1. Looking at the range 47-73, which of its residues are without any contact (Cβ under 8 Å) to a residue 40 or more places away in the chain, among the aliphatic types (A, V, I, L, M) and within 12 Å of ligand 1 (Cβ to nearest atom)?
2. Take the range 180-196 and flag every residue that is surrounded by fewer than 20 Cβ atoms within 10 Å (Cβ to Cβ) and not small (Gly, Ala, Ser).
3. List pairs: first residue in the range 246-265 and closer than 17 Å to Pro150 by Cα and in contact (Cβ under 8 Å) with a residue 12 or more places away in the chain, second residue part of a strand (DSSP E or B) and among the basic types (Lys, Arg) anywhere in the structure, Cβ distance under 8 angstrom, at least six positions apart or on different chains.
4. Looking for something among the acidic types (Asp, Glu), open to solvent by 40 Å² or more (accessible area, probe 1.4 Å) and at negative phi - is there at least one such residue anywhere in the range 169-177?
5. From Asp235, Asp229, Asp223, which residue is in a strand (DSSP E or B) and acidic (Asp, Glu)?
6. Among the residues of the range 1-36, which ones are assigned to a loop (DSSP other than H, G, I, E, B) and open to solvent by less than 60 Å² (accessible area, probe 1.4 Å)?
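The values are calculated or read from the model by the stated rules, or taken from the named source; none is laboratory data. Since the structure is predicted, the reported quantities are computational estimates derived from the model, not experimental observations. Every residue, glycine among them, receives a Cβ derived from its backbone with ideal geometry; neighbour counts consider all protein chains shown. These area figures cover heavy atoms from the full protein model, side chains too; ligands, DNA and RNA do not enter into them. Shrake-Rupley method; radii C 1.70, N 1.55, O 1.52, S 1.80 Å.
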Amino acid sequence: MKSLMVTGGAGFIGSNFVHYWLEQYPDDRIVVVDALTYAGNRDNLSGVTANANLRFEHADINDTERMQQLLRDEVIDTIVHFAAESHVDRSIEGPDAFVTTNVLGTHSLLKAARQVWLIEGDGDGNPLAGHRFHHVSTDEVYGSLEPDDPAFTERTAYAPNSPYSASKAASDFLVRAYHHTYGLDVTTSNCSNNYGPYHFPEKLIPLVILNILHGKALPIYGDGKNIRDWLYVEDHAYGIDLVIRQGKVGETYNIGGCNEWTNIDIVQLVCKLIDQRFDADENLAQRFPDSPAANGTTSNTLIEFVRDRAGHDFRYAIDASFSENELGYAPRVTFEEGIERTIDWYLANESWWQAVMDGSYQAWIETNYKAA
Ligand code: NAD
Ligand code: TYD
């Protein structure tokens, strides 16, 4: 039995991880630590809050003392560190929060882990046996690929281009340093773009789904030819599970979808799938009367090419062969299945996204959405 601290467990990937883990390992204990920033949402955990093995702690990872106390009180042996500022556009508008949370916050957590697991240890002068600090990172630390470049491997040199990716790269290096310098048992995973339930609608896929339902423009940055490698979020949780259980201490593992799409193609696909749902279910036109499909036209008429993101990375692609060979990792959900599941989840969970849109998302769109 494990006792996990999951930081950022009320965010998109963290909450999916908590759902995944409690289903796979119902006897394990999970303490979610989340500061509930604009991206954190307790509703993301509503399906599991009654679980006696789950504790929610509203706390900031920068509060080192509190992190130490939690590690001691809950006899935590595994930290799974998701907490971060995660949106590239926000990092361009205001990089400070990214340094505070992603760099200083990660360092605060590392200090807490070192104090409790290595310095206090088992009380007999030994490090706590079986401890693990798993750091969740991104493929964006490797920079941008040209169309014919080979995909990122774990040995690709870091070349972060946005304040977001630079802050994540810095946190990866701190994690590495705490292993090499102090002997903390760490692993890191660098993953490609995730999609799925509970995805905050400032990110491309949920933004497009909700804008279609409301008949709002679908903003495509630049010419829409930028490429991302998309992975269903549950497969990210599965990959992290493999790393925690079978990964080698001190190692980093790339997790990806082997699933590259240009932005314009993915937006066209989402348009087509939503139109098909409106054709098949006349209730949708009543629920979403402003959607193009409710008005005899198609969702892709909403596409608008807008000013490009500053420093927009052209292409990300993960070579996951190391994880495949070492851990037996491969995505289990096909993109066709995952994107359908995702659209159906947003259609079935209107109360979730209505609550999100009533708050910070709307304010963000008003400030940041600029037509070309
Ligand atoms: P998210 O923005 O949806 O969630 C982040 C969570 O962290 C929120 O619940 C927020 O409240 C919490 N948080 C922020 N600052 C905090 C602090 N100081 N203390 C405690 N909690 C804090 O992000 P996400 O998309 O779920 O990403 C999770 C992690 O996965 C991040 O580290 C991100 O870099 C990484 N990642 C994301 C993707 C992706 O496609 N979204 C891909 C690869 C890696
Ligand atoms: P995003 O979901 O923000 O993830 P990331 O920047 O971490 O890859 O964006 C995915 C891609 O979609 C990226 O190339 C930027 C682009 N994009 C748009 O074209 N329009 C949008 O409104 C958003 C949010 C993103």
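1. Selection gives Ala59 alone.
2. From the range 180-196, those surrounded by fewer than 20 Cβ atoms within 10 Å (Cβ to Cβ) are 180-183; that's our starting set.
Matches in the range 180-196: His180, Thr181, Tyr182.
3. Listed pairs, sorted by first residue: Glu260/Arg228; Glu260/Arg315; Trp261/Arg228.
4. So the first thing to find is which residues in the range 169-177 are among the acidic types (Asp, Glu), and the list is 172.
Restricting the remaining residues to those that are open to solvent by 40 Å² or more (accessible area, probe 1.4 Å) gives none.
Looking for residues that are among the acidic types (Asp, Glu), open to solvent by 40 Å² or more (accessible area, probe 1.4 Å) and at negative phi, one finds none in the range 169-177, hence no.
5. On the way: Asp235 fails: in a strand (DSSP E or B); Asp223 fails: in a strand (DSSP E or B).
When all the criteria are applied, what remains is Asp229.
6. Taking the range 1-36 first, the residues assigned to a loop (DSSP other than H, G, I, E, B) are 1-2, 8-11, 25-28, 35-36.
Correct list: Lys2, Gly8, Gly9, Ala10, Gly11, Tyr25, Asp28, Ala35, Leu36.
Here is a yes/no grid of residues against (1) assigned to a helix (DSSP H, G or I); (2) within 14 Å of ligand 2 (Cβ to nearest atom); (3) buried (at least 16 other Cβ atoms within 10 Å of the Cβ):
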site: Gly105; (1), (2), (3): yes, no, yes
site: Leu110; (1), (2), (3): yes, no, yes
site: Leu118; (1), (2), (3): yes, no, yes
site: Gly125; (1), (2), (3): no, no, no
site: Leu128; (1), (2), (3): no, no, yes
site: Phe133; (1), (2), (3): no, no, yes
site: Ser137; (1), (2), (3): no, yes, yes
site: Leu145; (1), (2), (3): no, yes, yes
site: Ala159; (1), (2), (3): no, no, no
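Each row is one residue, and each column tells you yes or no for (1) more than 19 Å from Val243 (Cα to Cα); (2) within 13 Å of ligand 2 (Cβ to nearest atom); (3) over 20 Å from the mean Cα position of the chain (by Cα).
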{"position": "Arg155", "(1), (2), (3)": "no, no, yes"}
{"position": "Ala170", "(1), (2), (3)": "yes, no, no"}
{"position": "Pro197", "(1), (2), (3)": "yes, no, no"}
{"position": "Pro201", "(1), (2), (3)": "yes, yes, no"}
